[in-house]
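> I'd like to ask you about the structure that follows.
The values are calculated or read from the model by the stated rules, or taken from the named source; none is laboratory data. None of the values given here were measured: they were computed from a predicted structure. Heads up, the Cβs are rebuilt from the backbone with ideal geometry, glycines too, and the neighbour counts pull from every protein chain shown.
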Amino acid sequence: MTQVAGIGPGAPLAANRQPLAGRKTLIGWQVNLGIPKGAAAYCPVFGGTLPPEQILQPGAGPATTGYAGTTAPFSSGPTIPMTLRGNRQTADRQAADGSVLVLAAARCTMLGAVLWSAVGAAAAPTAPPVVIASTERRAVFEEVPISGTVSSPRVTQLSPEVAGLVQEVLVDAGDRVEAGAPLVRLDGTLAGLALEAAEAATAQASEELADARRRLADAERLVKSRGIAETELKTRRSEVRADAATLRLRQAEQRREAERLRRYELEAPFAGVISRKLTEAGEWVAPGDEVLELMSDTGLRIDFRVPQGLFPRIRGDEGIEIRLDALPDRRLAARIGEIVPISDPSARTFLVRVYPQDENLPMTPGMSASATLRLGTGEQGVVVARDALLRHPDGRITVWVVQDQGSDITVSERQVQTGLSFDGRVVIHSGLEPDVRVVVEGNEALQQGQRVSVREAR
């Protein structure tokens, strides 16, 4: 057993080869160690080993600072300097297979400096797998996020055509109705009586006309035998014409009363859904009083308010994708229908009306929606996949460029200046040229000049 360090004056700390146990933080007595490079440290907890989730693989970077001491990476010299804290114990616990350096004589507990551990043969891969993609030159687009509201092509506030007492409301909010369906009935008793009187007057006028025509026929027979004067014949003909006109008048009055009675029942002007119910039975309503709101639920569109500065750039054939609250994970294809060239002076926006290509989407009027308007810039630029970019706290943006070094593939870090973002890509103003291979997956922990293996090329 090799002596490596001590705890306090004259207290040795033994080293042995034991199974890999991982990472643990310690408190108590301070122990200054120099662990040989390529060895791994095992810290026994009193009564057991460290749980697997506390294992820290080598090469992951420098240890956390701010404790009693720090540890250096495995690549820094022949030994790994460490400062630990532990309770003075002599447990000298050992495990089975002689593969890892054991720090016995220390009862390990939480909190303190980080202890790095690894077996040289089981170190992290020197060539981690990565996914790469190439930069390319292509047309640059600007993606403009906009928000809007689903709207109906037909919305109406229904009001009665005549004044009256509400007798019955036949629908409620949320009901779907067909065109011509009865919605509200008013008390039409008086209108019904007026219609009966008009029908009776029409019947009377019809009888009078029939009697006048009979007497005219008699007069026409008598005038041939000179049994009646010619003037009497003309008088009876005039009576027939007058009675015919009276009948037409009475028929018109009957139709008017029938129409008036019909208007005591409010009907749906088109198929749709009752969105609001504004009256109840027993209320007195007059023409102009809103009693129901009816909204068409077919042919729905989305109204977007777009900044007025974009008006000259929108032609109507631009690509646009919409997202609905009901389908948050789906991007839906749509087309621009109408562009209303009138700016809202309060918001400095104009209306763009968009129609989804799928007419059976689960959306209702009033639902919020968002979209990305894709506008051409007329420019070409170098673009790279968005996943290739690494943003640093100091504001730098870098990518890892893949290079061939003989039989090896290595990476080097390169700083870039970015521009517009679209279609999962970012425009690069400086730092990259077309057809440069960059890492898009597995780039989080790479180091300058590190060897990598290409798992996939996109």
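> With respect to the numbered conditions (1) in a strand (DSSP E or B); (2) under 35 Å from the mean Cα position of the chain (by Cα), which one is the sole condition not fulfilled by N443?
Checking N443 against (1) in a strand (DSSP E or B); (2) under 35 Å from the mean Cα position of the chain (by Cα), the one that fails is (1).
> Could we say that V291 is surrounded by 14 or more Cβ atoms within 10 Å (Cβ to Cβ), of a type in the set (A, V, I, L, M, F, W, C) and farther than 30 Å from A347 by Cα here?
Yes: the conditions hold for V291.
> Restricting attention to strands (runs of 3 or more DSSP E) lying wholly within the stretch 299-352, give those where 3 or more residues are under 18 Å from F422 (Cβ atoms).
320-324, 327-344
> Which residues, counting only those in the stretch 341-377, are among the β-branched types (V, I, T) and modelled with pLDDT of 90 or more?
V352, V354
> Moving on to the next point. Can you confirm whether the stretch 172-193 contains a residue that is small (G, A, S), more than 30 Å from G424 (Cα to Cα), assigned to a helix (DSSP H, G or I) and touching a residue at least 60 places away in the same chain (Cβ under 8 Å)?
Within the stretch 172-193, one or more residues are small (G, A, S), more than 30 Å from G424 (Cα to Cα), assigned to a helix (DSSP H, G or I) and touching a residue at least 60 places away in the same chain (Cβ under 8 Å).
> Related question: Of the residues that make up the stretch 267-280, is at least one over 29 Å from the mean Cα position of the chain (by Cα) and in a strand (DSSP E or B)?
Yes, the stretch 267-280 has at least one match.
> Listed residues V436, V440; which is over 30 Å from E321 (Cα atoms), crowded, with 17+ Cβ neighbours inside 10 Å and in contact (Cβ under 8 Å) with a residue 24 or more places away in the chain?
Result of the check over V436, V440: V436.
> Here is a further query. State whether the residues of the stretch 237-250 include one that is under 56 Å from the mean Cα position of the chain (by Cα), of a type outside the set (S, T, N, Q) and either surrounded by 15 or more Cβ atoms within 10 Å (Cβ to Cβ) or in a helix (DSSP H, G or I) (or both).
No; the residues of the stretch 237-250 include none that is under 56 Å from the mean Cα position of the chain (by Cα), of a type outside the set (S, T, N, Q) and either surrounded by 15 or more Cβ atoms within 10 Å (Cβ to Cβ) or in a helix (DSSP H, G or I) (or both).
> Condition first: surrounded by fewer than 12 Cβ atoms within 10 Å (Cβ to Cβ) and part of a helix (DSSP H, G or I). Now tell me which residues in the stretch 218-233 satisfy that.
Correct list: R221, K224, E230, T231.
> Of the conditions (1) surrounded by 13 or more Cβ atoms within 10 Å (Cβ to Cβ); (2) over 30 Å from E265 (Cα atoms), A205 clears all except one; give me its number.
Just one mismatch for A205, condition (2).
> Next up: E196 fails exactly one of the following numbered conditions: (1) under 22 Å from E161 (Cα atoms); (2) in contact (Cβ under 8 Å) with a residue 60 or more places away in the chain. What is the number of that condition?
Going through (1) under 22 Å from E161 (Cα atoms); (2) in contact (Cβ under 8 Å) with a residue 60 or more places away in the chain one by one, E196 breaks only (2).
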